[in-house]
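Please read the structure below before turning to the comments.
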Amino acid sequence: MQDVTFFSAALNRQSTYRVFLPATLPPGQKFPVVYLIHGQGDNFTSWSNNTDVARYVAAQGSTGLILVMPDCASSYCMNSASRPQDKYEDFMVHDLIADVETRFPAAANRDNRAIIGISMGGFAAVKFALSHPDLFVFAGSLSGAIDVPSRRSSFRQFAQWWRFRGIFGPSASKTRLSSDPFLLIQTADPQRTPHLYLTIGQNEPLLEPNQRFAERARALHFSSEFHTVSGTHTWTTWNSQIPDCFQSLLQHLKPAQ
């Protein structure tokens, strides 16, 4: 693994991501890329520090995947409605992908890109699948906070309400509505949208919105699957889901060429 620092025009500052490369890099060969998005309060080291994802991929031998773990702060990978300098969606879809495909032998097309996120990152994976269907062929959400733009907060949750307002804008605002997966899926094209892989622990408070979103995806004939597993909102639960998620992922990615 190596950490890469580059200047992001979208953020107007340096940003760092962690990358895992196949053990062997034959000259001229390009590899599929999987972007792994962390949860709120975590950073670009969290996936590699808290899961076996790199060891799992390495154990597949000839699979040949590049793993990219960016730092999205606590932005939900969105362009902030209140902080013009925080354009994390632009960072993800423009700066990061371009830098990865410039520095490394990464295949530069939709069929060779996937995105997987946990919690906050799961929201981002689904949102990008619906609003940027040309970028990824597969989007995985592990315990995704998929209801955040539409979530109601009580007075006791003022800090949460204020944080979400800063990211997504006021309730019913254009910026908030355009970030809501439950609304985006109503107008997205099922034929163009990446395969949606949704999984969540049976004892999580996010279970209900994930079930509801999965039902909507099925009703609208999106390519999707939904799984529940024993567990809660922890790295232990997410780590246990990696094999099944990557098994589905490999069925949708094109192999290295």
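The values are calculated or read from the model by the stated rules, or taken from the named source; none is laboratory data. Since this is a predicted model, take the numbers as computed values, not measurements. All Cβ positions, even for glycine, are placed from backbone atoms using ideal geometry, and neighbour counts span all protein chains on display. Remember, those area values only see protein heavy atoms, side chains included, never the ligands or the DNA or RNA. Shrake-Rupley method; radii C 1.70, N 1.55, O 1.52, S 1.80 Å.
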Quiz item: Out of region 138-181, which residues are part of a helix (DSSP H, G or I), farther than 18 Å from PHE128 by Cα and among the small types (Gly, Ala, Ser)?
Solution: ALA159, GLY166
Quiz item: From the residues in region 154-187 that are among the small types (Gly, Ala, Ser) and under 20 Å from the mean Cα position of the chain (by Cα), which one is surrounded by the most Cβ atoms within 10 Å (Cβ to Cβ)?
Solution: SER179
Quiz item: Any residue at all in region 188-203 that is part of a helix (DSSP H, G or I) and either open to solvent by less than 70 Å² (accessible area, probe 1.4 Å) or under 30 Å from ALA23 (Cα atoms) (or both)?
Solution: no
Quiz item: Just for strands (runs of 3 or more DSSP E) wholly inside region 1-62: which have at least 1 residues that are among the charged types (D, E, K, R)?
Solution: 2-8, 13-20
Practice problem: List the number of the failed condition for PHE91; all other conditions in (1) touching a helix residue (DSSP H, G or I) at 6+ places or on another chain (Cβ under 7 Å); (2) under 23 Å from THR175 (Cα atoms) hold. | Solution: (1)
Quiz item: In region 208-233, which residue that is of a type in the set (Phe, Trp, Tyr) and not in a loop (DSSP other than H, G, I, E, B) is most open to solvent (accessible area, probe 1.4 Å)?
Solution: PHE226
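Determine which member of the set SER119, SER80, SER131 is modelled with pLDDT of 95 or more, under 30 Å from ARG216 (Cα atoms), surrounded by fewer than 22 Cβ atoms within 10 Å (Cβ to Cβ) and polar (S, T, N, Q).
On inspection, the qualifying residue turns out to be SER131.
Please indicate, with yes or no, whether at least one residue in region 83-97 is part of a loop (DSSP other than H, G, I, E, B), hydroxyl-bearing (Ser, Thr, Tyr) and either in contact (Cβ under 8 Å) with a residue 12 or more places away in the chain or open to solvent by 50 Å² or more (accessible area, probe 1.4 Å) (or both).
There is no residue in region 83-97 that is part of a loop (DSSP other than H, G, I, E, B), hydroxyl-bearing (Ser, Thr, Tyr) and either in contact (Cβ under 8 Å) with a residue 12 or more places away in the chain or open to solvent by 50 Å² or more (accessible area, probe 1.4 Å) (or both).
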Quiz item: From the list ALA59, ALA139, which residue is without any contact (Cβ under 8 Å) to a residue 60 or more places away in the chain and out of contact with any strand residue (DSSP E or B) (no Cβ under 9 Å at 6 or more places or on another chain)?
Solution: ALA59
